[in-house]
Amino acid sequence: MIRIIGDIPLEITIAASGGADSMAVLDFLRRGKRSVSVVHIDHGTIFGRHARKIVEKYCLEHGLPLKIHSIEVDPPQGSSMEEFWRNERYKVFSKCENKVITAHHANDSLEWWIMTSAHGTPRIIPYQNKNVIRPFLLTTHKEFVSWCENKKVPYLDDPGNEDPKYMRSLVRSKIVPLMQEVNPGLIKMIRKKIKKEIEDVFC
């Protein structure tokens, strides 16, 4: 079941990467009465070229306005590729006129909580960052995949999600499964934390 936090504006821009999470969000929201446009960031990788085609084809089939931005600069020497790509994406998002909807979900929040806990400052992903809102933090990746499968929504699995050279991929593929052996209720725990923080935001 896809869960929504807060009120989603009638005019929105959805950040679609071509992966299951964002394609499920795009398909879910375009079925309503909202005015939906799409923004896609091409990271210049082999996966990125295929993902771009997925998003382009979907938007064309459903008559959705699409803006594509390509990352054409190299990261500063010694910097994290993950952080560099993230910063570039948010530069693009900041220039969008509408609120930008991302597909961050409960599993993302769990991974972020683990990573920040390792540095002594445990946090979950916030609901809002400037003009970017994350209404799907209570939904799981599995629920997004189920939506895509049930609705025949095309998507691609990013091989980078399993590449241990990226810190988040290492946490996702190695650390989270081990922690779930110790505590199978980790997702339930992180959802409680999300709900508590969201209550503080909207109260």
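The values are calculated or read from the model by the stated rules, or taken from the named source; none is laboratory data. Bear in mind the structure is a predicted one, so any value in this text is a computation, not a measurement. Ideal geometry is used to build each Cβ from the backbone, glycine not excepted, and the neighbour counts take in all protein chains shown. Quick note on the areas: whole protein, heavy atoms, side chains included, nothing else; ligands and nucleic acids left out. Shrake-Rupley method; radii C 1.70, N 1.55, O 1.52, S 1.80 Å.
Things to note:
- Scanning segment 188-203 for residues being open to solvent by 90 Å² or more (accessible area, probe 1.4 Å) and without any contact (Cβ under 8 Å) to a residue 24 or more places away in the chain gives a total of 6.
- Conditions (1) under 25 Å from E11 (Cα atoms); (2) touching a helix residue (DSSP H, G or I) at 6+ places or on another chain (Cβ under 8 Å); (3) modelled with pLDDT of 95 or more: number failed by I133: (2)
- Elements of the type strands (runs of 3 or more DSSP E) sitting completely within segment 1-91 and holding at least 2 residues that are in contact with a Gly (Cβ under 8 Å, 6 or more places away or on another chain) and open to solvent by less than 70 Å² (accessible area, probe 1.4 Å): these cover 35-42.
- Odd one out for I54 among (1) among the aliphatic types (A, V, I, L, M); (2) under 14 Å from P154 (Cβ atoms); (3) within 15 Å of the chain's Cα centre (by Cα): (3)
- Residue in segment 174-187 that is touching a Cys at 6+ places or on another chain (Cβ under 6 Å), open to solvent by 50 Å² or more (accessible area, probe 1.4 Å) and either within 30 Å of E61 (Cα to Cα) or acidic (D, E) (or both) present: no
- In segment 92-103, the residues that are free of Cβ contacts under 8 Å to residues at least 60 places away in the same chain and open to solvent by 40 Å² or more (accessible area, probe 1.4 Å): S94, K95
- When the test is whether a residue is surrounded by 19 or more Cβ atoms within 10 Å (Cβ to Cβ) and either closer than 21 Å to N150 by Cα or small (G, A, S) (or both), F136 passes it.
- Scanning segment 80-112 for residues that are modelled with pLDDT of 95 or more and aliphatic (A, V, I, L, M) yields V100, I101, A103, A106, L110.
- Boolean, I114 is surrounded by fewer than 20 Cβ atoms within 10 Å (Cβ to Cβ) and either farther than 19 Å from Y166 by Cα or more than 18 Å from the chain's Cα centre (by Cα) (or both): no
- Inter-residue pairs, beta-carbon under 8 Å, first within 17 Å of A24 (Cβ to Cβ) and in segment 34-58, second in a helix (DSSP H, G or I) and open to solvent by 40 Å² or more (accessible area, probe 1.4 Å), 6+ apart: V36/R30; H40/R52; H40/E56
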